[in-house]
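A.B. asks: Please read through the structure below; I'll follow up with questions.
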Amino acid sequence: MPTVVNIPVAVTTPVIISIVLPIFAAAVLTLLPALLALAKRISQEEYDQAVRAPAWLMVLVGAGLVALGGIALSHWTKDMWPIYLGLNMARPTLMVDAYTLWSTVLLGAFLAVGAWVPGARRSLVPHTLWPTFVTLVLTWLALLMLHSLHIELLLGCWLGIVGGCIALWLWLLRPRFHVAALEVALVLALAAVLSTIGLLWLRGLVNGDSLDHAWRQVLNAPPRAISGALVLTLLGLVGPAFYLPWWLWTRREEGAMLWMPAALLTAGVGPLALVRLLYFAFPARSAALQQLTGTEQLEFITRILGWLTTWGLLAVCVGAGWMVWLVVRRREPAEGLRPLALTAPGLLLLGLAGGLNAQQGTGIAGMLWLQLTWVAVTGVWVAGNGLLPALAPAERTERGVVHTAQLLALAALVAVPFTAGSRGLAPLLAALARLSTPTPLLVLCLVVTALGSLLLLPRWLRPAEGALPRTGTAWGILGPFALALLLTLAGLLATRLTPLFELIRTSLLQAY
C-alpha cells in the first residue's frame, strides 16, 4: 500500500497548483463578461485588449505549467518515491513522479505556443470566451490523464479530451454534414473507439488493478491478448499525433487558429500518456525483474517493439518520399512542407521503441530527447505556418524571426550534430539496429528530408504573406522563436540535462 511520508513541499505545491491551474483559470474566465459589462466607460482600445484576454489566458496557463513542472523537477531527487494523491490512500487516484512532471512541461509548451497564434492574430475576437473555456477544461483533463493510476480514469479523460476537441471543431469550423467535410471528427472518433477497445481489453486482462501494479497480471496474461490490447491502444492514442498537426499544417482560417491549442493538446497528451502506460506494462525489461521472472523474450514485448519500429520507420520514409515528390513537381505548390508532419511523430515512435529496448543504457534518455524534439518541432512549425500569412511583406524582421525558428526546429528534426534530435537519435541507433531497423535507410531519409526542405522553403515562403500589417500580430513571433531557442539551447547544453533524464529513467522503470 502506498504511503505518504516526508513529501517535500517544494514538489507538492507546484504539482497541486498545476493540476488546479486550468480549472482556476476557467473559473476566472466566467467572470469576464460581467467585468466587460462594467467596463463600458473605458476607451475602445482598452476594451479591445480586454476582449482579447481569453486567448492570452491560455498562453499564461501553458507557460505556468512549464514553470511549475520545471520547479517541481528541479527539487526532485533520485531517492524520492512517487507521490500518491487521492481521497483513499489505500487506492490512490493520481501518481506524481519525475516523468509526469516532464510530461506536464511538454504539454504546457504545446498549449502556450498553440494559444500564442490566435492571441496574436486576434482570431474570432468577439467569440473567444467559450472556446477558451473548453480548451482549459481539456487541459485539466489532460493533466489528470498524465497522472492517472487507473485505466478507468485514463480512458474517461481521453474520451473527454477527444469529445471536447470534436465539439470545439464543429463549433468553430461549422462544417457541412457530409463525410468529406467531417473528416476530422471521424478520425478522432475512430481514435476514441480504438483506444476504448484497447484500454477496456487491457483492464480486463489486469483484472482492474492499478497501473503501477498491472505488470504482475501482464506477465501471466496471454501474449497475443496483451499485444492486441496494446496495439489498439497505441493506434488510438498516437493516431491524433500524426493526423492533427498534418491537418493544421496548411489551414489558416481564424476558426482553425482558435482550435489549434485544443488540437495540439489532443495530439500531445496521447503519446505522452502512452509512454507511461507502456512502461507500467514493461517493467520486466529492467535487470532486477528479468532475473526474477526470466521474461527477457516475452512475446508481447517483441510484438509491440516490432509495431513501433515499423510504423515509425514507415512514417519517416513516407515523409522523405513525399518530400522528393514535391521537389520534382515544380509546378505544384510546396504544400507547406507537410511531410515534416509525418517525420516528427515517426521519430517519436522510433524513440519509444529504442527506449523500451535499451532501458539500462542511454535508451530512455534518447527517447526523452526525441520527445522534446517532437513537441518543439511540431509546435514551432504549426505556429509559424499560422503566423506567416498574417505578417505583411513589409514586416521583414518579424518574418525573418519566424523563418529562423523554423530552420532551428528543422535542424533538430533531421538530427544535425549537437542538436536535440542528434542527442536523441545517436544513443538509439544501436538499439534500433537490434530491432532490425536499417540504420542507413533511416539516415538517408533524414538527409533527403533536410535537402528537400531547403529546396522547397523558398517556394513555400513566397505566397505565405498577408496583404496589410495586422495590429498586434508581430507579438506572435515570440512564441515559436522562444520554443525553437529552448530546443537549440537544450541540444547545446546537453550535459546539464543528463541528471534530469536519469531521474526520469528511474521513475519510468519504477526502480526505487
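A.B. asks: For the chain, what does the relative contact order come out to in percent, with C-alpha contacts under 8 Å and a separation of six or more? Write out the running numbers ahead of the final one.
C.D. replies: Values: 807 pairs, mean separation 84.1, N = 512.
Here the relative contact order equals 16 percent.
A.B. asks: Which shape class applies to segment 402-454: rounded if a/c is under 1.5, otherwise prolate when a/b exceeds b/c and oblate if not, where a ≥ b ≥ c are the square roots of the Cα gyration tensor eigenvalues? Mind showing how you got there, number by number?
C.D. replies: On the way: a/c = 3.86, a/b = 1.77, b/c = 2.18.
Oblate is the answer for segment 402-454, as a/c is 1.5 or above yet b/c matches or exceeds a/b.
A.B. asks: Still on this structure, please answer the following. For the chain, give the percent of accessible area contributed by carbon and sulfur heavy atoms, probe 1.4 Å, rounded to a whole number.
C.D. replies: Working: 13950 of 20410 Å².
Heavy-atom surface of the chain belonging to carbon and sulfur, 1.4 Å probe: 68 percent.
A.B. asks: Using only DSSP helix segments of four residues or longer, with each worth -39500 (n - 2.57), what per-residue ellipticity at 222 nm results for the chain after dividing by its residue count and rounding to 500?
C.D. replies: Values: 21 runs with 372 residues, N = 512.
So the helix-based figure for the chain works out to -24500 deg cm²/dmol.
A.B. asks: A further question on this structure: Mind checking the per residue accessible area of segment 71-183 for me, 1.4 Å probe, whole number of Å²? Walk me through the numbers on the way to the answer.
C.D. replies: Values: 4330 Å² over 113 residues.
Here the residues of segment 71-183 average 38 Å² of exposed surface.
A.B. asks: May I pose another question? Computed from these coordinates, which is Cα extents along the principal axes in Å: (1) 69, 57, 49; (2) 153, 69, 37; (3) 89, 51, 47?
C.D. replies: (1)
A.B. asks: Still on this model: Could you order Glu183, Glu254 so the one with the most accessible surface comes first? Probe is 1.4 Å.
C.D. replies: Details: Glu183 75, Glu254 50 Å².
Putting Glu183, Glu254 in descending order of accessible area: Glu183, Glu254.
A.B. asks: Find out how many positive minus negative residues lie around Glu254, taking Lys and Arg as positive, Asp and Glu as negative, among other residues whose Cβ is under 10 Å from that of Glu254. It would help to have the intermediate numbers written out before the result.
C.D. replies: On the way: positive: Arg121, Arg122, Arg252; negative: Glu253.
Overall, the nearby charge balance is +2.
A.B. asks: Here is a further query. Over segment 306-396, with the other protein chains present, what is the accessible area per residue in square angstrom, probe 1.4 angstrom?
C.D. replies: On the way: 2670 Å² over 91 residues.
On a per-residue basis, segment 306-396 sits at 29 Å².
A.B. asks: Can you check what the net charge comes to around Glu152, using other residues whose Cβ is under 14 Å from the Cβ of Glu152 (Lys, Arg +1; Asp, Glu -1)? List each step's numbers first, then the result.
C.D. replies: On the way: positive: Arg91, Arg203; negative: Asp209.
Neighbour charge sum, excluding Glu152 itself: +1.
The values are calculated or read from the model by the stated rules, or taken from the named source; none is laboratory data. The structure presented is a predicted model; accordingly, all values stated were derived computationally and were not measured. Every residue, glycine among them, receives a Cβ derived from its backbone with ideal geometry; neighbour counts consider all protein chains shown. Note: accessible area is taken over every heavy atom of the protein model, side chains too, but ligands, DNA and RNA are not part of it. Shrake-Rupley method; radii C 1.70, N 1.55, O 1.52, S 1.80 Å.
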